[in-house]
């Protein structure tokens, strides 16, 4: 846990990130909710046919094509694949 004061932390952030240029990109936003209540909290009981140590999870997402340059799927992939604490 950091015990540094806020001013020191602010200084460090500015030193590390000040070289990143603002490209003026607009913030990426999604309207509405991806799922309604009837699509959530579904429990499935599955009996495996053979022993495989693999889990694949799929869920629908709106088309990402309009935002392909912003690569929104990379955020999700990073969060799901992150093995940190």
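Bear in mind these aren't lab numbers, they're just calculated from the coordinates by the rules spelled out. Just so you know, these numbers come straight off a predicted model, no measurement behind them. Here Cβ is always computed from backbone atoms with ideal geometry, including for glycine, and neighbour counts include all displayed protein chains.
Just a few scattered comments:
- Theoretical ellipticity at 222 nm over the chain - DSSP helices of four or more residues, -39500 (n - 2.57) apiece, nearest 500: -8000 deg cm²/dmol
- Spatially, the stretch 6-28 and the stretch 47-70 are offset by 33 Å when compared through their Cα centroids.
- Distance in nm between pseudo-label sites at residue 51 and residue 68 (7 Å out along the Cβ direction from Cα): 4.4
- Highest-first arrangement of 62-71, 22-31, where packing means the average Cβ count within 10 Å: 62-71, 22-31
- Crossing angle, helix 72-81 versus the chain [Cα axis fit, 0-90 degrees, rounded to tens]: 70
- Per residue, the convex hull spanned by the alpha carbons of the chain comes to 237 Å³.
- Prolate/oblate/rounded label for the stretch 36-76 (Cα gyration tensor, a/c 1.5): oblate
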